Amino acid sequence: MARELTFNQCAERSIIKTYRKDIWRKFTKAVSEYNLIKDGDKIAVCISGGKDSFLLAKCMQELQIHSKYHFDLKFIVMDPGYSDKNIEIVKKNAELLGVPIKVYDSNIFASLKNMDTTSPCYLCARKRRGSLYAKAEELGCNKIALGHHFDDAIETIMLNILYAGEYKAMMPKLKSKNFKNMELIRPLYYIKEEDIISWARYNNLNFLDCACNVTKKSLGKRLEIKNLIKDLRKINKNVDINILNSSKNINIDAVLGYKSKNLKYNFLDDYEERNIFDE
């Protein structure tokens, strides 16, 4: 007689089996391609309570079992000022999925309410990041893992092009500027949001959406970009992967200028020497 699986085991199995192509393979591809994890790492997996961060937690647990690398995991939940109801949802999902979370308070929402700013989401993200780095450092970790996915990556590229007038990608890993020997990694980099939603529905899971009480779910420009990409996909089904690939295939000989480590370059600086011809 077959042994009946627990809810957690079913969710884990679905990642490896049902969503092997769309989630597990893309997860391991990003980890391998960008060298996100090494032997001896101690990684703080940052859980916001949403679908992305909980999938990240489960993938990291599975990787810990199946990987050739030996690394430790800590699962941290920063409470920026969630309602009691939302915190209970986070704790319930963590229990269902077998994720041993550590919750701590930061009161970031309260601090933002008193600030006169037109970019609360940007400030909130910066404050959250700093708080997560500090907590991870306190726990002896050398990396934090965030749940940003494929759609976040391509939306960021388009946001920077259309609203900031610069070409700037969301990187799969970055060194921390303010916390020595700390690094940020994004293992869900190749996983599409629609597949994360599908995984959550398949397992009858209900996660926090946007629990922010400052912006009241107003996604602003990012929602505009999300809808723009959705419309463009109707014309060209490969538009999303092409946006990401554009960040890998920049032709330096065909740009008017670029910046690197606070230095600016203009194509006229060495135009005569480079001999770039019209083809």
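FYI, it's all coordinate maths here, none of it is from the lab. A quick note: this is a predicted structure, and the numbers were derived from the prediction, not measured. Don't worry about glycine lacking a Cβ; one is built from the backbone with ideal geometry, like all the others, and counts go over all protein chains shown.
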| query | Which of the lysines could a cross-linker span from LYS230 if the Cα-Cα distance has to be under 16 Å and same-chain partners fewer than 8 positions apart are dropped? | reply | LYS192, LYS221
| At ASN275 and MET171, where each label point lies 7 Å from the Cα along Cα→Cβ, what is the point-to-point distance in nanometres? | 3.5
| field | Beta bridge orientation in the chain: antiparallel %, DSSP, nearest 5 | value | 30
| message | Tell me the mean residue ellipticity at 222 nm calculated for the chain from its helices only (DSSP H runs of n ≥ 4, each -39500 (n - 2.57), averaged over every residue, nearest 500). | response | -13000 deg cm²/dmol
| request: Would you kindly derive the ³J(HN,Hα) couplings of the range 81-97 from the backbone phi angles with the Karplus curve 6.51 cos²θ - 1.76 cosθ + 1.60 (θ = phi - 60°), listing them in order in whole Hz, with x for Gly and Pro? | output: x, 4, 5, 4, 4, 5, 4, 5, 5, 4, 5, 5, 5, 5, 5, 4, 9
| Between SER83 and GLU193, what is the label-to-label distance in nm when each label sits 7 Å out along the Cα-to-Cβ direction? | 2.3
| message | Report, in listed order, any pair from LYS68/LYS234; LYS74/LYS237; LYS42/LYS259; LYS102/LYS261; LYS127/LYS168 with a Cα-Cα distance greater than 29 Å. | response | LYS68/LYS234; LYS74/LYS237; LYS42/LYS259; LYS102/LYS261
| field | Long-range HN-HN contacts of ASP79 with modeled amide H, under 5 Å | value | TYR104, ASP105, SER106
| field | Projected label distance in nm at GLU95 and ILE161, using a 7 Å step from Cα toward the beta-carbon | value | 4.7
| note | Residues whose built amide H sits under 5 Å from the amide H of LYS74, excluding neighbours closer than 5 in sequence, are ILE43, ALA44, VAL45
| message | Between 0 and 90 degrees, rounded to the nearest ten: what's the tilt of helix 7-16 against the longest Cα principal axis of the chain? | response | 30
| query | For GLN64 and LYS102, FRET efficiency with R0 = 25 Å and r from the beta-carbon atoms, rounded to 0.05? | reply | 0.90
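Relative contact order, percent, of the chain when contacts are C-alpha pairs under 8 Å separated by at least 6 residues?
Computed value for the chain: 21 percent relative contact order.
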| query | Which aspartates and glutamates does LYS135 reach when only Cα atoms under 15 Å apart count, and residues fewer than 8 places away in its own chain are ignored? | reply | ASP79, ASP105, GLU183
| task | Please name whichever of VAL99, TRP199, ASN181 sits farthest to the positive end of the charge dipole of the chain, dipole taken about the Cα centre and charges placed at Cβ: Lys and Arg +1, Asp and Glu -1. | result | VAL99
| message | Rg over Rh of the chain, using C-alpha atoms and the Kirkwood radius, what does it come to? | response | 0.99
| How far, in degrees from 0 to 90, does helix 221-235 lean away from the longest principal axis of the Cα atoms of the chain, to the nearest 10? | 80
| request: Work out how much length ILE229 to LYS42 would gain on full extension: take 0.36 nm times their residue separation and subtract the Cα-Cα distance, in nm to one decimal. | output: 63.7 nm
| remark: Tilt, helix 193-202 to longest principal axis of the chain (alpha-carbon atoms), in degrees rounded to tens, equals 10
